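Note sheet for the following structure.
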Amino acid sequence: MVFAWKAAGLTYNRFLAVSARAVRRSLKEEKRLVAERRGEMDLRFAKWEDGKQGDVKHLAQANTAANAASSS
Amino acid sequence: MNSLRFARAALRARPAAIRAPLQRRTYADAVPDKIKLSLSLPHQSIYKSQDVVQVNLPAESGEMGILANHVPSIEQLKPGLVEVVEESGPSKQFFLSGGFAVVQPNSVLSINAVEGYPLEDFSAEAVRAQIAEAQKVVSGNASEQDVAEAKIELEVLESLQAVLK
């Protein structure tokens, strides 16, 4: 059996993250605030080339961009 | 003299006990109809090897109920409702976002999921709003990845809406 998300190039990990996000957003207000804080990630990285630091990028944004590029 | 006779009686009695070890009842034999359930999320354990009577799971291969002495198996779970029937009181319902259930030998069941909450923690209004949003993405001209993610969300939200009624 091939899942629709698999056919679209998404990984199982991504599928779990998306479905968990939908579940968190469906909670009642006070529970949702606590749960969404848990899902927050703020990680930045930079690529060093020739001894110089490149642009500092957000990991989450770079991941979505890479995922979009790999699935299309 | 008397104590010697007792000691001899004890010596004679012991081999009988060794000969019949199978008749000894242990705790595990006395309650063979319970499953030890562990329901764990990355941030919380809802059940920690607690004795329950039955667990109903939304597996990818179909809905299934797990009782004691189930055949060992690994099941991928759909986003859906897990129902736990405890020894006393009404059964408890949790909505899990998808994961795996592992039925181990000796009536041990481990369920792993990313998110899971009791059904009463969900708001039908938030679900309805998200369904409308996801449907807009699916019918609009978004990228293939966005459409795929919106379809996952729709699947989760529709099964959530079905059990909330």
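Dividing the alpha-carbon radius of gyration of the range B:35-120 by 2.2 N^0.38 Å (N being the number of residues), what value is obtained?
0.96
Identify all lysines with a Cα-Cα distance to residue A:47 below 27 Å; exclude those on the same chain that are fewer than 8 residues away in sequence.
The reachable lysines, counting only those whose Cα sits under 27 Å from residue A:47, are A:57.
Gap in Å between the Cα centre of the range A:1-39 and the Cα centre of the range B:120-165?
Taking the Cα centre of the range A:1-39 as reference, the centre of the range B:120-165 is 11 Å away.
Given a 1.4 Å probe and no ligands, DNA or RNA in the count, how much accessible surface is buried by B and A, both sides, to the nearest 100 Å²?
Buried surface at the B/A interface: approximately 2600 Å².
Restricting attention to the range A:10-72, which GluC sites (Glu not before Pro) occupy a DSSP loop and are surrounded by at most 15 other Cβ atoms within 10 Å?
Here the sparse-neighbourhood loop sites are A:40.
For A:41, B:64, give me the order by solvent-accessible area with a 1.4 Å probe, most accessible first, ignoring ligands, DNA and RNA.
So the residues, ranked largest to smallest area, are A:41, B:64.
Can you work out the PRE-style zone for residue B:106? Point 7 Å along Cα to Cβ, and I want the residues of the range B:38-59 with backbone N under 15 Å.
Inside the label zone: B:38, B:49-51.
Measure off 7 Å from each Cα along the Cα-to-Cβ vector at residue B:33 and residue A:29, then give the distance between these two points in nanometres to one decimal.
Between residue B:33 and residue A:29, the simple spin-label model gives 4.6 nm.
What ratio of Cα Rg to 2.2 N^0.38 Å holds for the protein assembly as shown?
It is 1.49.
What is the ratio of the Cα radius of gyration of chain A to 2.2 N^0.38 Å, with N the residue count, to two decimals?
Scaled against compact globular proteins, the figure is 1.46.
Sort the following peptides by mean Cβ neighbour count (other Cβ atoms within 10 Å, averaged over residues), highest first: B:133-139, B:43-49.
B:133-139, B:43-49
Between residue B:132 and residue A:50, what is the spin-label point distance in nm, taking each point 7 Å from the Cα along the Cα→C-beta axis?
5.4
For the protein assembly as shown, with every protein chain kept in place, what is the accessible area per residue (1.4 Å probe, Å²)?
Ligands and nucleic acids excluded, the result is 63 Å² per residue.
Where the accessible area of the range B:123-164 is counted over protein heavy atoms with a 1.4 Å probe, how much of it, in %, is carbon and sulfur?
Taking all protein chains in place, the range B:123-164 shows 49 percent carbon and sulfur surface.
Of A:45, B:94, which has the most accessible area with a 1.4 Å probe, and how do the rest follow in descending order?
A:45, B:94
Which residues of the range B:128-165 bury at least 50 Å² of accessible area once all protein chains are present, versus their chain alone (1.4 Å probe)?
Relative to the lone chain, where solvent access is computed with a 1.4 Å probe, the range B:128-165 loses at least 50 Å² at B:130, B:144, B:145, B:149, B:152, B:153.
In nm, to one decimal, how far is the residue B:76 label point from the residue A:63 one, both placed 7 Å along Cα→Cβ?
2.0
Quick check: residue separation of residue B:60 and residue B:158 times 0.36 nm, minus the Cα distance between them. What number comes out in nm?
Extending this stretch completely gives an extra 33.7 nm.
Carbon and sulfur atoms: what percent of the 1.4 Å accessible area of chain A do they account for?
52
The values are calculated or read from the model by the stated rules, or taken from the named source; none is laboratory data. This one's a predicted model, so the numbers in the text were calculated from it and none came from an experiment. Here the Cβ is made from the backbone with ideal geometry for all residues, glycine too, and neighbour counts use every protein chain on show. Surface areas here come from the heavy atoms of the whole protein model, side chains and all, with no ligands, DNA or RNA. Shrake-Rupley method; radii C 1.70, N 1.55, O 1.52, S 1.80 Å.
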